[in-house]
Each structure stands twice: as C-alpha cells, then as structure tokens.
Amino acid sequence: MKDSSLQVRRSLNSLPPRGDSDSLGEDERTPAALDPLEHEWMMYSSDGEWDSLSRLLDVDPNLLQRKDFVTGFTCLHWAAKHGKSELLVQILTAAERHHVDASVNGRTSAGYTPLHLAAMQGHLDVLKLLVGAYNADVNLRDYSGRKASAKMSTCQHVHNTDSVHTRILMPLNQLV
C-alpha cells in the first residue's frame, strides 16, 4: 500500500488507548478495530488499487458497502475524491455482478456523497459519470445543507486534463 491516504492512516493511528475509567462504558473504552480484511480493503480503497480491491471482493463482495469508521468513506467516495472515473466504473460493475448495493448516493460521516467529493475536488469527468451514467441525485445536501453544485462554486478553477487551460466551473445541472 504505497500511498495510503493520510486521513485513513491517521484514523487508524489515533485511536484512544484502552482505559479502565469507571465513568466510561465498555463500548466507549474499546477502540473500534477493523477486521484485517476490512483494514486491507480500506487501505486499498484509499489508494485506488483496483487489482487488490478485486482480489478482496472475491473473498467478500460485501466489502463494497464497508465504510471507514472515522470518515464514513466507502470505496466509491475514495474513487470520486481522487477523480478515478475508471475505478468508479469497475467498482459499480463489480457491485452489480456480485448483487451488492453500492449506492452512488451513499453518505459519509459529514453527509457527503461521491458527487459532493468529486465537486469539491473539481473532477468534472467524475461528476458527469455519476450524474449521467449512474443517476446520482444532484439535489442531495450534505449535513451542512449544501448541494454538490454549491461545493463546485467554491472552487474557482479546475484543471482541464484535455488541455493545459483552466476554466471556471459551470453549475452542476449544466454538466450533463
């Protein structure tokens, strides 16, 4: 796992130590521990390593629905955040093949959908894919009350990978 997300590594390294305080219940004293397979899944999800993810899906297809216990990110959220359109297609195709619901409208701990994350990062191709091919709901709001299109308006420019030019982002509903 070459470039594991700093966010995931922090969540795994910042767990509170086990304590013996009588003021805490057992559930509050014991840090959330990931099953080794889930841990591996989260690391490969944050890195966007399809070959490794595919191998793990053969063991447990329900990993597609697993969320990071701190951020609430699924593999779809990571792919959208990093602008990996091809990985999104591979994940959603695997979900269909394994009859597992991998919702493009799933929410993180902050209420972000993959669409919100792609918008925040300025990944226009991912936005078009999510809305056009997978019917992502453009009207969903995060837990701060903002739609994905509002996240885009906070970005002043996005780098267009088809050229070296940058351009001002248009409203989300004009993308498709």
Review point. Is it the case that some residue within the range 91-111 is under 9 Å from the mean Cα position of the chain (by Cα), in contact (Cβ under 8 Å) with a residue 40 or more places away in the chain and under 22 Å from M152 (Cα atoms)?
Key: yes
Study note, to complete from the structure: The residue that is modelled with the highest pLDDT, considering only those in the range 28-45 that are farther than 21 Å from W78 by Cβ and in a loop (DSSP other than H, G, I, E, B), is P31
Point to revise | Of all residues making up the range 96-140, the number that are closer than 18 Å to S46 by Cβ, assigned to a helix (DSSP H, G or I) and touching a Pro at 6+ places or on another chain (Cβ under 9 Å) | key: 1
Exercise for review: Keeping to the range 107-149, report how many residues are hydroxyl-bearing (S, T, Y), more than 14 Å from L76 (Cβ to Cβ) and out of contact with any Asp or Glu (no Cβ under 9 Å at 6 or more places or on another chain).
Suggested key: 3
Exercise for review: Filter the range 46-67 down to the residues that are outside any helix (DSSP H, G or I) and more than 9 Å from the chain's Cα centre (by Cα), then identify the one that is farthest from L117 (Cα to Cα).
Suggested key: D60
Point to revise | Filtered residues of the range 79-92 (kept if closer than 16 Å to A136 by Cβ, in a helix (DSSP H, G or I) and not small (G, A, S)) | key: K81, L87, L88, V89, I91, L92
Check your understanding: Does V126 satisfy the criteria of being touching a helix residue (DSSP H, G or I) at 6+ places or on another chain (Cβ under 7 Å), aliphatic (A, V, I, L, M) and crowded, with 23+ Cβ neighbours inside 10 Å?
Key -> yes
Practice item. Note down all Cβ pairs under 6 Å where the first residue falls in the range 131-146 and is closer than 22 Å to A94 by Cβ, the second is at pLDDT 95 or above and β-branched (V, I, T), and they're at least six residues apart or on different chains. Key: Y134/V104; A136/V104
Review point. Which of the following residues is surrounded by fewer than 23 Cβ atoms within 10 Å (Cβ to Cβ) and at pLDDT below 95: D51, D68, D101?
Key: D101
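The values are calculated or read from the model by the stated rules, or taken from the named source; none is laboratory data. From a predicted model like this one, the values you see are computed outputs, not experimental measurements. For neighbour counting, all protein chains shown are included, and Cβ atoms are generated from backbone atoms with ideal geometry for every residue, glycine included.
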